[in-house]
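Notes follow the structure.
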Amino acid sequence: MQFQQLLYFVAVAETRHFTRAAERVHVSQPSLSQQIKALEQELGAELFSRARGNIALTDAGESLLPLARRILADTETARREVQELAQLKRGRVRLGATPSLCTGLLPDVLRAFHDLHP
C-alpha cells in the first residue's frame, strides 16, 4: 500500500468521480484508475462499486476510508513537525555552562537566540 494510492482513494471517495478526483490530485485519470486498481488487488477487495455514472464505496471502501484519512493526516503532521525542527521553529536547546558564563555572557546569547527563534 502506497501513500499516493491512499491519497487517490480518498480523493475518489470524496468526489465520487474518477475524473474529478484525478484533477484534484493533479494526475491523469488513467493513472489514478490504475493505482486504485493496484490498491484493490493488493487488499484483495474492491473499494468502489462502479455502476454506470455512479461511484459508491463498498463495505471494504467504507472500512478503509477513515483509516486512510488518519494515515494521510498523520503523514502531514509528521512532515510539519520535522520541518519545524529543521527550520528551528520548534525544538529543544540543551546547554551546559559554568556559573560565570551563566551570569555573564549567557543571558545575552540566549536573548539573541530567542529573538531569532522564538
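Observations on the model:
Residues are listed down the side, and each one gets a yes or a no for (1) closer than 30 Å to His117 by Cα; (2) in contact with a strand residue (DSSP E or B) (Cβ under 7 Å, 6 or more places away or on another chain); (3) not aromatic (Phe, Trp, Tyr):
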residue: Arg20; (1), (2), (3): no, no, yes
residue: Arg24; (1), (2), (3): no, no, yes
residue: Leu43; (1), (2), (3): no, no, yes
residue: Leu57; (1), (2), (3): no, yes, yes
residue: Ile71; (1), (2), (3): no, no, yes
residue: Arg79; (1), (2), (3): yes, no, yes
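- Residues (under 30 Å from Leu43 (Cα atoms), surrounded by 11 or more Cβ atoms within 10 Å (Cβ to Cβ) and free of Cβ contacts under 8 Å to residues at least 40 places away in the same chain) located in segment 71-118: Arg80
- If you go through segment 56-67 and keep only what is surrounded by 13 or more Cβ atoms within 10 Å (Cβ to Cβ) and not in a helix (DSSP H, G or I), you end up with Leu57, Thr58.
- Among the residues of segment 3-55, those that are buried (at least 16 other Cβ atoms within 10 Å of the Cβ) and of a type in the set (Gly, Ala, Ser) comprise Ala11, Ala13, Ala21, Ala22, Ser33.
- Here Ile55 does not qualify as closer than 14 Å to Leu7 by Cβ, touching a helix residue (DSSP H, G or I) at 6+ places or on another chain (Cβ under 8 Å) and not basic (Lys, Arg).
Each reported figure results from applying straightforward, stated rules to the coordinates on display, with no laboratory input. It should be emphasised that the depicted structure is a prediction, and the values quoted were computed from it without experimental measurement. So basically every Cβ, Gly included, is an ideal-geometry build from the backbone, and we count neighbours across all protein chains shown.
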